[in-house]
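Student: Take this structure first; my questions come after.
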């Protein structure tokens, strides 16, 4: 069974005219497959039956959907006969769904006869591929218009930026206008992440749930790159007592790489820190201190492996010398202690 990747029917021209928070109805293709027929026949083959029997259970996982069946023939025979044959093929597929309890009102049929061949009709193999019915399952979704602006943290001025928008089911890249403004459509109720990149600024990530009643234009303040300035690599979590990233943190390193590629004249220090609250500074020869070094080096190695020049990066461990919460009690505070930072040491 061929399953296409998820995609959204998003129209940027439409979204540019929507007010923030406005809801529109749309559909998302979640499954596409096809069945083939014997010459001049509309009876389903055992292979076709098997294909359809695999589709039906998947419909039970969807709350709101519609089915589109498009039926075709090869070019042998009259146009009228082929139209009737493709109608019968579509009906045969529809009947399987109806017999399995699918509401006929959810099924849309389109008949093309020999008008839209998948390949040429010069060979038997080509004609076989054209004797087909395609089944597409569309999930009904509601989209919310979303607007934001990327701004300088200090001045509030808009910044032209590159943006990556992520939800569970989609990933889009776009660019702001010259004043840092952008507009897009997002699925209602989804958890969305927005990654922002701009030359001469640190990168930023925001996570939020898409709602209809509070999606006013959101500002994204960015911190300007300057010698001595530093920021955490957000959401960088390690396996306990190891320099190994947790699986959920793997997408964070490509963000740092993109930042380094966009700002190709800067040099940075990668600083590793560990969490040892209520303890004096650990010895530099201790296992604890070495762990902070190893975690910084892991990030350093990643950048090297992805073609960032060694003369632009260095790494250093700081043990528990600079904990944000020396007497940390909550897990949140302890997580803020065990971090990796980047600090600008030179800017070309």
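Student: Looking at (1) in contact with a strand residue (DSSP E or B) (Cβ under 9 Å, 6 or more places away or on another chain); (2) surrounded by 16 or more Cβ atoms within 10 Å (Cβ to Cβ); (3) without any contact (Cβ under 8 Å) to a residue 60 or more places away in the chain; (4) not in a loop (DSSP other than H, G, I, E, B), can you tell me which one residue 96 breaks?
Tutor: Exception for residue 96: condition (1).
Student: Any residue at all in segment 129-145 that is outside any strand (DSSP E or B) and surrounded by fewer than 19 Cβ atoms within 10 Å (Cβ to Cβ)?
Tutor: Yes, that holds for at least one residue.
Student: From the set of residues in segment 298-311 that are buried (at least 18 other Cβ atoms within 10 Å of the Cβ) and without any contact (Cβ under 8 Å) to a residue 60 or more places away in the chain, which is nearest to the chain's Cα centre (by Cα)? Spell out how you get there, then give the answer.
Tutor: Of all residues in segment 298-311, those buried (at least 18 other Cβ atoms within 10 Å of the Cβ) come to 298-300, 303, 308.
Okay, now just the ones that are also without any contact (Cβ under 8 Å) to a residue 60 or more places away in the chain, so 298, 300, 303, 308.
Values: 298: 25, 300: 26, 303: 23, 308: 25 Å.
Restricting to residues being buried (at least 18 other Cβ atoms within 10 Å of the Cβ) and without any contact (Cβ under 8 Å) to a residue 60 or more places away in the chain, the top hit is 303.
Student: Turning to a different aspect of this structure: Could we say that residue 291 is outside any loop (DSSP other than H, G, I, E, B) and assigned by TED's automatic domain parsing to the domain that holds residue 235 here?
Tutor: yes
Student: Would you confirm whether or not segment 148-159 contains a residue that is within 21 Å of residue 23 (Cα to Cα), free of Cβ contacts under 8 Å to residues at least 60 places away in the same chain and either outside any helix (DSSP H, G or I) or not assigned by TED's automatic domain parsing to the domain that holds residue 106 (or both)? Spell out how you get there, then give the answer.
Tutor: Filtering segment 148-159 down to residues within 21 Å of residue 23 (Cα to Cα) leaves 148-149.
From the residues that got through so far, the ones that are free of Cβ contacts under 8 Å to residues at least 60 places away in the same chain too are none.
No, segment 148-159 contains no residue that is within 21 Å of residue 23 (Cα to Cα), free of Cβ contacts under 8 Å to residues at least 60 places away in the same chain and either outside any helix (DSSP H, G or I) or not assigned by TED's automatic domain parsing to the domain that holds residue 106 (or both).
Student: Let me ask something else. Looking only at residues in segment 47-80 that are more than 21 Å from residue 102 (Cβ to Cβ) and free of Cβ contacts under 8 Å to residues at least 40 places away in the same chain, which one is surrounded by the most Cβ atoms within 10 Å (Cβ to Cβ)? It would help to see each step written out before you state the result.
Tutor: In the first step, residues of segment 47-80 are kept if they are more than 21 Å from residue 102 (Cβ to Cβ); the result is 72-80.
With the extra rule that they be free of Cβ contacts under 8 Å to residues at least 40 places away in the same chain, the set shrinks to 77-80.
Values: 77: 15, 78: 10, 79: 12, 80: 9.
The qualifying residue surrounded by the most Cβ atoms within 10 Å (Cβ to Cβ) is 77.
Student: Restricted to segment 199-221, and to residues that are buried (at least 19 other Cβ atoms within 10 Å of the Cβ) and in contact with a helix residue (DSSP H, G or I) (Cβ under 8 Å, 6 or more places away or on another chain), which residue is nearest to residue 28 (Cα to Cα)? Quick ask: steps written out before the conclusion?
Tutor: Keep residues of segment 199-221 that are buried (at least 19 other Cβ atoms within 10 Å of the Cβ), which gives 201-204, 210, 215, 220.
Subset that is in contact with a helix residue (DSSP H, G or I) (Cβ under 8 Å, 6 or more places away or on another chain): 202-203.
Details: 202: 34, 203: 31 Å.
So, considering only residues that are buried (at least 19 other Cβ atoms within 10 Å of the Cβ) and in contact with a helix residue (DSSP H, G or I) (Cβ under 8 Å, 6 or more places away or on another chain), the one nearest to residue 28 (Cα to Cα) is 203.
Student: Then there is this: Answer yes or no: is there a residue in segment 99-112 that is assigned by TED's automatic domain parsing to the domain that holds residue 49, assigned to a helix (DSSP H, G or I) and over 36 Å from the mean Cα position of the chain (by Cα).
Tutor: Scanning segment 99-112, I find at least one residue that is assigned by TED's automatic domain parsing to the domain that holds residue 49, assigned to a helix (DSSP H, G or I) and over 36 Å from the mean Cα position of the chain (by Cα), so the answer is yes.
Student: Are there strands (runs of 3 or more DSSP E) fully within segment 163-264 with at least 1 residues that are closer than 30 Å to residue 139 by Cβ? List them. Break it down into steps so the answer makes sense when it comes.
Tutor: On the way: elements: 170-175, 181-187, 191-197, 204-209, 218-222, 230-232.
Those strands (runs of 3 or more DSSP E) span 170-175, 181-187, 191-197, 204-209, 218-222.
Student: Taking segment 168-187 only, how many residues are surrounded by fewer than 17 Cβ atoms within 10 Å (Cβ to Cβ) and out of contact with any helix residue (DSSP H, G or I) (no Cβ under 9 Å at 6 or more places or on another chain)? Reasoning before the result, please.
Tutor: Applying the first criterion (surrounded by fewer than 17 Cβ atoms within 10 Å (Cβ to Cβ)) to segment 168-187 yields 168-169, 171-175, 177-179, 181.
Keeping just the survivors that are out of contact with any helix residue (DSSP H, G or I) (no Cβ under 9 Å at 6 or more places or on another chain) gives 168-169, 171-173, 175, 177-179, 181.
Total satisfying the criteria: 10.
Student: For residue 167, state whether it is more than 22 Å from residue 342 (Cβ to Cβ) and more than 23 Å from the chain's Cα centre (by Cα). Break it down stepwise before answering.
Tutor: Details: more than 22 Å from residue 342 (Cβ to Cβ): yes; more than 23 Å from the chain's Cα centre (by Cα): no.
Judged against the criteria, residue 167 is not a match.
The values are calculated or read from the model by the stated rules, or taken from the named source; none is laboratory data. Everything numeric here is computed off the predicted structure, so don't read it as measured data. FYI the Cβ positions are ideal-geometry reconstructions off the backbone, even for glycines, and counts take in every protein chain you see.
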